[in-house]
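The block underneath contains the structure these notes are about, expressed in structure tokens.
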Amino acid sequence: MIRLGFLASLFWLGASVSGLVCADTVQLSNGDRLSGSVDSISGGRLVLQTDYAGRVTIALEKISELSTDNAFDVRVGKQRKSGQFVASAAGQALQQGAASEPIQLTEVRSATLNQSRLPAFIADWESRVDVAAVLSTGNSSTESLNTLIESTYTQERSEHQLALLVSREVAEDATTKDQRNLDYGYKLFLSDRWFASANANYFKDELKQIDMRVNGGAGAGFQFVNNSIMELSTELGLSAVYEEIEGVEETQPAGRWAVDFRRFFLNKRMELFHRQALLFIPSEDRGEVLTSSTGVRFALSDRIDTALRMDLNYETDPPVGNKALDSTYSLGVGFKF
């Protein structure tokens, strides 16, 4: 009997802890109850992230009650509201502090979780790898590999971003493309919108006689939007650029302008993204240098997606014998971990 009582106590404690971990709950009209983490609401559907079934999409008309632990930015008609979703005997409501107001879930046009409100303990590295490879043999042979590795570490008031792009192509045993681009960025948020930034970049393209380009600098930026559906930020700063081109070494000051954008559609199954950095090198024989990556991803599962991407490298005054624009188009598979 003592053992049974002890086991029952452990079971009750485990159930209580489980209830604390799964903070958000969705009560369906048919009586079913789901728990997890509410990601967003758009297009009449709620996206719930669960440990047991991955990402689950639920029609709002099927939900009778919704309770969340975090506050959301909510659009109802033309009005914008903010607060936690709560359910009680009085019905569904949106609560902010001690005040609450009734709300109809079916009238919610969108609800996004403001990332700056996430508690620090959920911060973690998020990484992905996009791989596109081509191998053809016969009358002609071609080998092509395009790999993009991105990793982000987010804390309560800061963010680290690391990206490595490797693009290599060999046709008829001759190397026709061999580029490496390593980029690091750091943001320290001074408010919900403004942040101080630092960055460093390494670029190499021996076929264009760019043996090495290294630049680093600091500046300031502004976060226009940052929620679970859309992110848009820009930054402006000063950099020092070291270049080794055709054996000639030179260090010059430069201005830097960067943009980072992504937007989710179709209940986060499709993602549109664009990231660019533009260097303004005042020297007459260098001009501007632009690098960008633009594309779309479509999720096949929570961890795997297809990725169509266009990578550009543009220089107003490239080394002699080279074109100003160098572009790469790739269609491959992406893995998130």
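Which condition breaks for Pro119 when tested against (1) closer than 30 Å to Arg75 by Cα; (2) surrounded by 15 or more Cβ atoms within 10 Å (Cβ to Cβ); (3) at pLDDT below 90?
The single condition Pro119 does not satisfy is (2).
What residue, among those in the stretch 289-308 that are more than 15 Å from the chain's Cα centre (by Cα), under 16 Å from Ser327 (Cβ atoms) and of a type outside the set (S, T, N, Q), is surrounded by the most Cβ atoms within 10 Å (Cβ to Cβ)?
Val289
Being under 17 Å from the mean Cα position of the chain (by Cα) and surrounded by fewer than 16 Cβ atoms within 10 Å (Cβ to Cβ) is the filter here; which residues of the stretch 194-224 pass it?
Selection gives Phe222, Phe224.
Report every pair of residues separated by at least 6 positions or lying on different chains whose Cβ atoms are under 6 Å apart, first residue within the stretch 121-147 and under 14 Å from Ser167 (Cβ atoms), second modelled with pLDDT under 80 and surrounded by 12 or more Cβ atoms within 10 Å (Cβ to Cβ).
Ser144/Val134
Please specify each residue of the stretch 311-332 satisfying the condition of being part of a strand (DSSP E or B) and either within 22 Å of Phe280 (Cα to Cα) or not assigned by TED's automatic domain parsing to the domain that holds Glu246 (or both).
Result: Asp311, Leu312, Asn313, Tyr314, Glu315, Leu325, Asp326, Ser327.
Would you check if Glu235 is surrounded by 14 or more Cβ atoms within 10 Å (Cβ to Cβ), within 21 Å of the chain's Cα centre (by Cα) and closer than 30 Å to Asp302 by Cα?
No, not satisfied.
Surrounded by 14 or more Cβ atoms within 10 Å (Cβ to Cβ), farther than 25 Å from Met230 by Cβ and among the charged types (D, E, K, R), is that true of Lys81?
No.
Could you run through the stretch 263-288 and say how many residues are farther than 23 Å from Leu300 by Cβ and not charged (D, E, K, R)?
First pass over the stretch 263-288, keeping only residues farther than 23 Å from Leu300 by Cβ: 276-288.
Next, from what is left, pick out any that are not charged (D, E, K, R): 276-283, 287.
Counting residues in the stretch 263-288 that are farther than 23 Å from Leu300 by Cβ and not charged (D, E, K, R) gives 9.
What single numbered condition from (1) exposed (fewer than 14 other Cβ atoms within 10 Å of the Cβ); (2) within 22 Å of Glu244 (Cβ to Cβ) fails to hold for Ala277?
It fails just one condition, (1).
For Phe72, are the conditions met, namely being surrounded by 11 or more Cβ atoms within 10 Å (Cβ to Cβ), over 21 Å from Ser29 (Cα atoms) and modelled with pLDDT of 90 or more? Explain how you work it out, then say what you get.
Numbers: surrounded by 11 or more Cβ atoms within 10 Å (Cβ to Cβ): yes; over 21 Å from Ser29 (Cα atoms): yes; modelled with pLDDT of 90 or more: yes.
Judged against the criteria, Phe72 is a match.
Being of a type outside the set (Val, Ile, Thr) and within 27 Å of the chain's Cα centre (by Cα) is the filter here; which residues of the stretch 67-78 pass it?
Once the filter is applied, which keeps residues that are of a type outside the set (Val, Ile, Thr) and within 27 Å of the chain's Cα centre (by Cα), the stretch 67-78 yields Ser67, Asp69, Asn70, Ala71, Phe72, Asp73, Arg75.
Which condition number does Asn30 fail, the rest of (1) in contact with a strand residue (DSSP E or B) (Cβ under 8 Å, 6 or more places away or on another chain); (2) more than 19 Å from Phe85 (Cα to Cα); (3) modelled with pLDDT of 90 or more being met?
Exception for Asn30: condition (1).
State whether the residues of the stretch 268-283 include one that is touching a residue at least 60 places away in the same chain (Cβ under 8 Å) and closer than 30 Å to Leu60 by Cβ.
Looking through the stretch 268-283, at least one residue is touching a residue at least 60 places away in the same chain (Cβ under 8 Å) and closer than 30 Å to Leu60 by Cβ.
The values are calculated or read from the model by the stated rules, or taken from the named source; none is laboratory data. This one's a predicted model, so the numbers in the text were calculated from it and none came from an experiment. As a convention, Cβ positions derive from the backbone with ideal geometry for all residues, glycine included, and neighbour counts pool all protein chains shown.
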